[in-house]
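In what follows, a structure is listed as structure tokens, so that the remarks can point back to it.
The values are calculated or read from the model by the stated rules, or taken from the named source; none is laboratory data. Note that the coordinates shown come from a computational prediction; the quantities given were computed from them, not determined experimentally. We place every Cβ from the backbone using ideal geometry, glycine too, and count neighbours over all the protein chains shown. Ligands, DNA and RNA are excluded from the accessible area calculation, which covers all protein heavy atoms including side chains. Shrake-Rupley method; radii C 1.70, N 1.55, O 1.52, S 1.80 Å.
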Amino acid sequence: MLKKLFAIALLGYFSFACSSGKKALEQGNYDAAVETAIGRLQKSPTNTKAQKVLKEAFPAALNFHLSKVENWKHSQEQFRWERVVAEYKQIHALTDELVNCQACLRITGTPKRYFDELQTAKILAADERYTVGLSAMTQANDNRQAAKDAFYNFSVVEELIPTYKDIKTKLDQSYELASIDVVVEQVSVHSPTYALSNEYFQGKINEFLRTNPKLNQFVRFHSPEMAEQNKLKPDQIIRLQFDDFIVGQTYVETNNSTVTSKDSVKVGETTVNGKKIAVFNKVTAKLTQSRKAVTSKGILDFQVIDFKTKQKIYQDKIGGEFVWVNEWGNFNGDERALTKQQLSLTRNKELLPPPPQQLFTEFTKPIYDQITRKIKKYYENY
């Protein structure tokens, strides 16, 4: 018990020491030391350990980041000014925490804010990215990858300085050149019986293409109606059509057998020497077991077609199946001859299968799962 209490006390001591930031300071992790000490002083302004840590850690953190700023300024590495921006931002994060802690300011004094230096670094970083983006745009009309590179570089510019030059226009231009438009044709099913079910299947696919956030940002999907309304000439067409499907193919299997109880059971009584004695024997029953299986299945042809050349650039066949099963039975004879499972079966009734529309929907569910995975995989890096 004493050892346990000592261990708890020791753990508390180290936790307290760590909470002041001393350990982080000793390891040279000056930012963590500053943040921990500030947090401690906000809760306990007179904490001497945290005061000592902050007095040593904040100048060390500042010198560390300013030293990296100078190193990056004199570097020849591309996009070095973004590194400078990152260092100034980290200094700002530390000083922002500091100025919100009066107990901390009494130790460090009011820190210098590097607003002008940060803004200058942002402008230089934006200038460099903008120039790289313009260079990529010279090839963007005939090269989607160049257009994507341009868009990425312009996006960094906007993140650095949202109002930089004509950055909004350049983003729009590069995005248009980088993007492809894909029209998803409606799945055609000619039977009116399955029209509503097919409409549901098509709607699920359209919803996936419209709302799935993990699809490539440069691929835009459209319905045929929207494409016609906007007079859009797409880059590609996704064509989905059933090669074949069967709904409600029914198989009924009936099995007749005579079953015998596993153990002997009481079947009556007899009198021996004036005494009634139970008579035991195995009993039998004639059992009829029936099984109805209703199968619905189909194969969907998935094609990606180049709109200009009308050539197929991708094709796959996707199958789906749904089997509805109903089992029931009946017997003549002694029910004690039946197992629990057999007896349970005889309490079932023959049922009507679901309507064809529901069967159609059920067999298309695994097709939907596969088609959405394949579309995602095909376009994720397009």
Mean separation of Cα contacts under 8 Å, 6 or more apart, over the residue count of the chain: relative contact order %
11
Scan the range 322-358 for GluC sites (Glu not before Pro) in coil per DSSP, keeping those whose Cβ has at most 13 other Cβ atoms within 10 Å, and list them by number.
Glu350
I want to verify a result. In a Gaussian network model of the chain, Cα cutoff 10 Å, which of these has the top mean-square fluctuation: Leu338, Leu177, Leu41?
Leu338
Under 19 Å from a point 7 Å along the Cα-to-Cβ line of Asn216: which residues of the range 137-153 have their amide N that close?
137, 139-153
Among the GluC sites (Glu not before Pro) within the range 129-214, which fall in a DSSP loop and have no more than 16 other Cβ atoms within 10 Å of their own Cβ?
Glu185
Candidates per trypsin sites (Lys or Arg not before Pro) in the range 207-255, loop by DSSP, up to 12 other Cβ within 10 Å:
Lys214, Lys231
Compute, for the chain, the length of the dipole vector about the Cα centre, with Cβ point charges of +1 (Lys, Arg) and -1 (Asp, Glu) only. Units Debye, rounded to 20.
1920
Please report how many Lys pairs in the range 337-382 have alpha carbons closer than 29 angstrom, counting only residues at least 8 apart along the chain or sitting on separate chains.
5
The Cα radius of gyration of the chain, divided by 2.2 N^0.38 Å with N its residue count, comes to 1.80
Mind jotting down the distance between the C-alpha centroids of the range 323-338 and the range 183-232, whole Å?
47
Computed from the mean reciprocal separation of all distinct C-alpha pairs, what Kirkwood hydrodynamic radius does the range 107-226 have, in Å?
17.8
Note to self, the chain gives a 222 nm [θ] from helices alone (DSSP H runs n ≥ 4, -39500 (n - 2.57) apiece, / all residues, nearest 500) of -17000 deg cm²/dmol
When the accessible area of the chain is split by element with a 1.4 Å probe, what percent falls to carbon and sulfur?
51
Leaving out ligands and nucleic acids, note down the accessible area per residue over the chain with a 1.4 angstrom probe, in whole Å².
60
With charges set only on the Cβ (+1 for Lys and Arg, -1 for Asp and Glu), what does the dipole of the range 295-362 come to about its Cα centre, in debye to the nearest 20?
200
Unit-weight point scatterers at every alpha-carbon of the range 185-272, Debye formula, q = 0.10 1/Å: log10 I(q)/I(0) is -0.50
